[in-house]
């Protein structure tokens, strides 16, 4: 940031957690972060699948009349 002078930064204090606390946090967050990455990849795959299938379903190119699709009653109205 060009408008902040270096001398002003010398007056700023911040709290830095201990190494032990950072490692504990990483242990907790790492599996969640990995899950987010996996879920994001799945979402992208689902988006691509939808974009591929939807035009074919709407145009009738793919026939679904013989499929046993159960739609909840509140959605079928």
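Could you go through segment 55-65 and let me know if any residue there is over 17 Å from the mean Cα position of the chain (by Cα), at pLDDT below 90 and loosely packed, with under 10 Cβ neighbours inside 10 Å. Scanning segment 55-65, I find at least one residue that is over 17 Å from the mean Cα position of the chain (by Cα), at pLDDT below 90 and loosely packed, with under 10 Cβ neighbours inside 10 Å, so the answer is yes.
Mind checking whether some residue in segment 40-62 is in contact with a helix residue (DSSP H, G or I) (Cβ under 9 Å, 6 or more places away or on another chain) and not in a helix (DSSP H, G or I)? The answer is yes, given that some residue of segment 40-62 is in contact with a helix residue (DSSP H, G or I) (Cβ under 9 Å, 6 or more places away or on another chain) and not in a helix (DSSP H, G or I). Give just the number: which of (1) modelled with pLDDT of 95 or more; (2) assigned to a helix (DSSP H, G or I) does residue 7 not satisfy? All conditions are met except number (1).
The values are calculated or read from the model by the stated rules, or taken from the named source; none is laboratory data. Since the structure is predicted, the reported quantities are computational estimates derived from the model, not experimental observations. Cβ sites come from the backbone with ideal geometry, for glycine too, and all protein chains shown count toward neighbours.
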